[in-house]
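For reference, the structure is listed below as structure tokens.
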Amino acid sequence: MSKDDRANSRREFLRSATLFTATVAGLGGGLELLTRRPAGVAEAQTGAVTRPKRPLGPYDTSEAVTPYAQATSYNNFYEFGLSKSDPAQNAGSLRTRPWTVTIDGEVRKPQTVDIDTLQGWFPLEDRIYRMRCVEGWSMVMPWMGFPLAALLRRIEPTSKAKYVKFTALYDPKQMSGQRSAVLKWPYVEGLRLDEAMHPLTLLAVGLDGKILPNQNGAPLRLVVPWKYGFKNIKSIVRITLTSQQPQTTWSLAAPDEYGFYANVNPQVPHPRWSQATERRIGELSRRPTLLFNGYGDQVAGLYKGLDLRRNF
Ligand SMILES: Nc1nc2c(c(=O)[nH]1)N[C@H]1C(S)=C(S)[C@@H](COP(=O)(O)O)O[C@H]1N2
Ligand SMILES: [Mo]
């Protein structure tokens with residue numbers, strides 16, 4: 001490396017560190033992020049610096065994290081097209097600031113709040129989770145976000161609240177895929193209130209220490225790691241507490257194939273394929289799929305007495 005090259009790469013480093021600080025300020029992530037993240041950015045952009053490894057937390061898997069390049073280029077986000085490569089190509093048209101989230105229904109404190117205000121309410125946490133798509137592939141994703149339970153406590157569900165309904169953005173001008181009726185738009189999803197309150201259930205705003213890429217569901221996306229990937233609704237604009245079980249996009253589209261619960265279960269095949277195994281993106285051979293995606297110790301108690309075959 002010549003002296004000029006080194007100078008260039010140092011300037012690059014400073015520039016990226018500055019950009020990064022601006023992003024984190026925008027994230028409202030607080031001091032911990034500000035002090036910890038710049039090395040990671042330098043690593044991504046120059047390959048020169050190794051991000052200090054944090055110790056794994058109680059919710060993290062120790063399995064190898066899926067390379068960032070794959071996690072951000074092999075996506076399901078039908079608002080931007082049906083092919084795995086479409087979202088990375090087309091989601092650039094999504095404007096994620098300004099962005100508001102409306103919280104309503106059976107809550108004591110209904111409100112519409114700016115996304116930066118909303119995420120500033122909570123300390124952001126890192127969570128390395130497995131994600132298993134109903135199609136039979138899986139990844140390991142290093143999310144950054146806050147527990148949905150923290151938000152729910154803050155907005156105070158009433159005693160009538162039994163479910164949480166999530167609604168994604170509807171805007172065919174920004175979301176080219178919504179110009180065709182492949183699904184009923186907007187994308188909607190739902191959880192039982194106890195599932196929503198579970199400490200594993202996350203609202204993600206970041207991936208791998210960086211702001212969430214549009215194709216992964218910016219600026220706010222649900223993560224429920226023991227359920228099939230389609231429960232993880234992207235680009236949320238509304239969170240509604242309800243007394244009745246809400247409709248969900250995929251069970252509206254094909255009720256015999258996709259249920260409300262969608263708990264990962266190797267013993268309950270999809271009508272058109274087995275769910276016994278999965279392909280971890282980046283690996284060659286298939287691996288066995290685990291009940292509740294391996295989170296059974298934490299979540300099986302939620303489903304005591306429930307017939308998982310009928311409530312698929
Ligand atoms: N709004 C919206 N959210 C969505 C989808 C979608 O098409 N639209 N696809 C789901 C499916 S099927 C999966 S597997 C995951 C994929 O998330 P990833 O692209 O971040 O890996 O997003 C889910 N969330
Ligand atoms: Mo999926």
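The values are calculated or read from the model by the stated rules, or taken from the named source; none is laboratory data. All figures in this text were calculated on a predicted structure; none of them were measured in a lab. Methodologically, a virtual Cβ is constructed for each residue, glycine included, from the backbone with ideal geometry; neighbour enumeration extends over all protein chains shown. Keep in mind that these areas ignore ligands, DNA and RNA; they rest on the heavy atoms of the full protein, side chains included. Shrake-Rupley method; radii C 1.70, N 1.55, O 1.52, S 1.80 Å.
Mind counting the residues in region 233-245 that are within 16 Å of ligand 2 (Cβ to nearest atom) and open to solvent by less than 10 Å² (accessible area, probe 1.4 Å)?
Qualifying residue count, region 233-245: 2.
Given the criteria of a type outside the set (Lys, Arg) and closer than 22 Å to residue 251 by Cβ, does residue 220 qualify?
Here the answer is no, as residue 220 does not meet what is asked.
Hey, can you tell me all the residues within region 210-229 that are within 16 Å of ligand 2 (Cβ to nearest atom) and in contact with a strand residue (DSSP E or B) (Cβ under 8 Å, 6 or more places away or on another chain)?
Scanning region 210-229 gives 216, 217, 221, 222, 223, 224, 225, 226, 227, 228, 229.
Could you please find all residues in region 285-311 being of a type in the set (S, T, N, Q), assigned to a loop (DSSP other than H, G, I, E, B) and surrounded by 14 or more Cβ atoms within 10 Å (Cβ to Cβ)?
Across region 285-311, the qualifying residue is only 289.
Kindly provide the set of residues from region 224-236 that are within 10 Å of ligand 1 (Cβ to nearest atom) and not in a loop (DSSP other than H, G, I, E, B), ordered by number.
Matches in region 224-236: 229, 230, 231, 236.
Could you count how many residues in region 172-209 are within 16 Å of ligand 2 (Cβ to nearest atom) and free of Cβ contacts under 8 Å to residues at least 12 places away in the same chain?
Here the count works out to 0.
Consider residue 184 against the criteria (1) near ligand 1 (Cβ under 10 Å from one of its atoms); (2) surrounded by fewer than 16 Cβ atoms within 10 Å (Cβ to Cβ): it satisfies all of them except one. Which criterion is unmet?
Condition (1) is where residue 184 drops out.
Please specify each residue of region 209-222 satisfying the condition of being farther than 14 Å from residue 75 by Cβ and either of a type in the set (A, V, I, L, M, F, W, C) or crowded, with 23+ Cβ neighbours inside 10 Å (or both).
Across region 209-222, the qualifying residues are 209, 211, 219, 220, 222.
Considering region 82-129 alone, what residues qualify as being under 26 Å from residue 250 (Cβ atoms), acidic (Asp, Glu) and surrounded by fewer than 17 Cβ atoms within 10 Å (Cβ to Cβ)?
Of everything in region 82-129, just one residue is under 26 Å from residue 250 (Cβ atoms), acidic (Asp, Glu) and surrounded by fewer than 17 Cβ atoms within 10 Å (Cβ to Cβ), namely 104.
Scan region 130-148 and tell me whether some residue there is without any contact (Cβ under 8 Å) to a residue 40 or more places away in the chain and either hydrophobic (A, V, I, L, M, F, W, C) or open to solvent by less than 50 Å² (accessible area, probe 1.4 Å) (or both).
No, region 130-148 has no match at all.
Give the number of residues within region 187-196 that are hydrophobic (A, V, I, L, M, F, W, C), surrounded by fewer than 22 Cβ atoms within 10 Å (Cβ to Cβ) and under 19 Å from residue 293 (Cβ atoms).
Within region 187-196, residues that are hydrophobic (A, V, I, L, M, F, W, C), surrounded by fewer than 22 Cβ atoms within 10 Å (Cβ to Cβ) and under 19 Å from residue 293 (Cβ atoms) number 0.
Of all the residues that make up region 246-284, how many are of a type in the set (S, T, N, Q) and open to solvent by 80 Å² or more (accessible area, probe 1.4 Å)?
Residues in region 246-284 being of a type in the set (S, T, N, Q) and open to solvent by 80 Å² or more (accessible area, probe 1.4 Å): 2 in total.
Please go through region 52-77 and pick out each residue that is part of a helix (DSSP H, G or I) and either among the polar types (S, T, N, Q) or open to solvent by less than 50 Å² (accessible area, probe 1.4 Å) (or both).
Once the filter is applied, which keeps residues that are part of a helix (DSSP H, G or I) and either among the polar types (S, T, N, Q) or open to solvent by less than 50 Å² (accessible area, probe 1.4 Å) (or both), region 52-77 yields 70, 71.
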